[in-house]
Amino acid sequence: MRCLECNVDLGEEYRRCPLCGAKADPVPPALEGLRTAEYPPVRYRPYRKPWTLIAALTLAGFFAVCAFFELGWTGSVRFSVVYALLLAVVWALFVRPLLVTGRRLGNYLVTGWFWVSLFSAAVSGDRYGSAAPAVRTVFPLLCALGCAGLIVHALLNKKARRGGVIYIFAFTVISLVLLACLAAAGESLFAAAACSAFCLVCLLSVRLLAGQDFADEFKARFHT
């Protein structure tokens, strides 16, 4: 096996390069007949996130029990969905950061954005009969708050600057996609436009002030 990105020979047991993460290719080694430096043995380990798995099973069990009783009493599961998503929000925002270590701030913010967005959509649908109010205001506002948190974190911790680039980019793209969808649906664009502009300013600021970190992170993420 060989990594064509790093131009190094790998052992036969490798499926990905340990240096850059690119997929290894089954091509002959570049140095035929010569002994090259060997990597340590690779062991492909099973799933090693017990807390995440426990949380997922707990959430599924909680929803199943609540839905079973609510469906028997009311014929719907709307409150079960809301309460299950609330439990997921509590896990993502308050419990997961204490149990799962070694993750960047952006990872937590994206996970929190996902669950809070689903929860707000469920509450909006239950209260107003439509998820549109949450999509108009809550979704883009969470994107703006995520960008703001990453910018502040990068200013306080320069080592986190590179890692935050891709997440700021992700929040900006999500915000712009929401803005485009709302415009196509004829919805109000005031909050979404303001949040999208803020996210775009954050992204451009990072690009101008930390251009090398910006370029390096994109190269590392997309192997360009």
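The values are calculated or read from the model by the stated rules, or taken from the named source; none is laboratory data. For clarity, every value in this text was computed on a predicted model and none was experimentally measured. In this analysis, Cβ positions are derived from the backbone assuming ideal geometry, glycine residues included, and neighbour counts consider all displayed protein chains.
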Legend entry - Qualifying residue in the stretch 117-132 (condition: part of a helix (DSSP H, G or I) and closer than 25 Å to Ala154 by Cβ): yes
Inset, instruction - Examine the stretch 135-147 for a residue that is buried (at least 18 other Cβ atoms within 10 Å of the Cβ), over 18 Å from the mean Cα position of the chain (by Cα) and on the phi < 0 side of the Ramachandran plot, and state whether such a residue exists. - result: yes
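Any residue at all in the stretch 148-167 that's in contact with a Cys (Cβ under 7 Å, 6 or more places away or on another chain), part of a helix (DSSP H, G or I) and not polar (S, T, N, Q)?
Yes, some residue in the stretch 148-167 is in contact with a Cys (Cβ under 7 Å, 6 or more places away or on another chain), part of a helix (DSSP H, G or I) and not polar (S, T, N, Q).
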Inset, instruction - Determine the pairs where a residue that is touching a residue at least 40 places away in the same chain (Cβ under 8 Å), located within the stretch 194-212, has a partner that is of a type in the set (D, E, K, R) with Cβ atoms under 7 Å apart, the partner being 6 or more residues away or on another chain. - result: Ala210/Arg161
Inset, instruction - Show the residue pairs that are 6+ apart or on different chains and have beta-carbon atoms under 9 Å apart, the first residue being within the stretch 1-30 and in the same structural domain as Ala220 (by TED's automatic domain parsing), the second being loosely packed, with under 12 Cβ neighbours inside 10 Å and not aliphatic (A, V, I, L, M). - result: none
Inset, instruction - Give me a count of the residues in the stretch 27-72 that are over 28 Å from Arg96 (Cβ atoms) and modelled with pLDDT of 80 or more. - result: 2
